[in-house]
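Only one structure is covered here, and it is reproduced in the block below.
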Amino acid sequence: MIELIIFDLDGTLVDSCEDITQALNYCLEKSGISGFSKDEVKKMVGEGVNRLIEKALQARGVNFPSQKLIDCFVNYYREHITDFSRAYPEVKETLEELKNIKKVVISNKLTELSFKTLENLGLLKYFDFVAGSDLFSERKPSAVPIIETVKRFYTTPDKTLVVGDSELDIIAGKQAEVKTVAVTYGYREREVLKEADFIIDKFSELLKIVREL
């Protein structure tokens, strides 16, 4: 029986790519660097803002102080965090159905920004704990955030489920010895999700998995 479900945020619960793209391009173009399309940004997100900026600069072949862009991104994104972001279909209804199970969000974005995203979209009330990369010594694909969260809720890996849209979630889950569920509607191609224990095309399909486990 599943006692704890650990969710990724961006690409799993919320489609936030447009807002991330807008923030990234604002800061790049302000510094004289050409921006990226939404589809290009989709391939770069998932590892936090520092890596996003690093990847953007590498893609443009530009030597530029990354911290300046990171600070710009966080400040702009904080003010425009849900201008375009929306919960994916069936997310709220499914979370409501799972109300008797402890639910957590672990994201590679900052805790403050994760919290604000969920709050603005009316999702915060469904979760017992929200953590960003700044709350742990390591970030996904490290298993540390999952292992520490399992301990925090006094449960065990065999009673825990990890749900995400990227290989980072799957790798972290596998290393923590928990069952993994990959969603196909997020920011990664289905091919990179094949190592997950379960693959779902709609968020509501999670209910069947939880009942069977």
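How far apart, in nanometres, would the label points at Tyr185 and Lys202 be if each is projected 7 angstrom from Cα along the Cα-to-Cβ direction?
Using points 7 Å along Cα→Cβ, the separation is 0.9 nm.
Lys and Arg at +1, Asp and Glu at -1: add these up for the other residues within a Cβ distance under 13 Å of Lys109 and post the number.
-1
For Glu96, put the label point 7 Å out on the Cα→Cβ axis and report which residues of region 8-27 keep their amide N under 20 Å from it.
13-15
Net charge around Ser37, counting only other residues with Cβ within less than 13 Å of its Cβ (Lys, Arg = +1; Asp, Glu = -1)?
Local net charge: 0.
For Ile70, Ile81, Ile170, which order do you get if you count the other beta carbons within 10 Å of each Cβ and list the fewest first?
Going from sparsest to densest Cβ surroundings: Ile70, Ile81, Ile170.
Under unit Cβ charges (Lys, Arg +1; Asp, Glu -1), what dipole magnitude, rounded to 20 debye, does the chain have relative to its Cα centre?
For the chain, the charge dipole is close to 240 debye.
How many nm is it between the label spots at Glu54 and Ser37, if each spot is 7 Å from the Cα in line with the beta carbon?
Using points 7 Å along Cα→Cβ, the separation is 2.6 nm.
Could you check the spin-label model distance between Glu79 and Thr155? Points 7 Å from the Cα along Cα→Cβ, value in nm.
With each label point 7 Å from Cα toward Cβ, the separation is 4.0 nm.
Hey, can you grab everything whose amide H is under 5 Å from the amide H of Val163? Only 5+ residues off in sequence or another chain; H modelled, so Pro and N-termini drop out.
Ile6, Phe7, Asp8, Val181
Rounded, prolate or oblate for region 17-79? Axes are the square roots of the Cα gyration tensor eigenvalues, ordered a ≥ b ≥ c, and the cut-off for rounded is a/c under 1.5.
Rounded, since a/c falls under 1.5.
Every read-out reported here was derived from the displayed coordinates using simple, explicitly stated rules and does not represent laboratory data. Here the structure is a predicted model, which is why all the values come from computation and not from measurement. Every residue, glycine among them, receives a Cβ derived from its backbone with ideal geometry; neighbour counts consider all protein chains shown.
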